[in-house]
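Worksheet: the structure to be examined is printed underneath.
Please treat every number below as a calculation from the coordinates, not as lab data. Note that this is a predicted model, so its numbers are computed, not measured. Positions of Cβ are backbone-derived with ideal geometry, glycine not excepted, and every protein chain shown enters the neighbour counts.
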Amino acid sequence: MPTSVLDAIKLGWWDFEPEELRASDYDATEAMPGSRAKVDVLAERVRRGLPLWHQADGIDCDD
């Protein structure tokens, strides 16, 4: 069974849904949306099979 969306795509598993995780299972980021830092965090989450979005991620430069 694939552990990330990328692995699932490589296997042709187009309707793959990763296991649900609690927000406490992975770290939020304060990186500003669209910044290189935020893109790096999102890329690492994909590589690790984590959800892209965390409920406590920063949403603008004032957070």
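Could you list, in sequence order, the residues of the stretch 21-39 that are surrounded by 12 or more Cβ atoms within 10 Å (Cβ to Cβ) and closer than 13 Å to GLN55 by Cβ?
Listed by number, the residues that qualify are LEU21, ALA23, TYR26, ASP27, ALA28, THR29.
Look at PRO51 and say whether it is surrounded by fewer than 15 Cβ atoms within 10 Å (Cβ to Cβ) and not acidic (Asp, Glu).
Taking the combined requirement at face value, the residue does not satisfy it.
How many residues does the stretch 32-63 hold that are within 24 Å of THR3 (Cβ to Cβ) and assigned to a loop (DSSP other than H, G, I, E, B)?
Adding up the residues that qualify gives 9.
Restricting attention to the stretch 7-20, which residues are surrounded by fewer than 12 Cβ atoms within 10 Å (Cβ to Cβ) and closer than 15 Å to GLU44 by Cβ?
Within the stretch 7-20, none qualify.
Being within 12 Å of the chain's Cα centre (by Cα) and among the basic types (Lys, Arg) is the requirement here; does ARG36 meet it?
no
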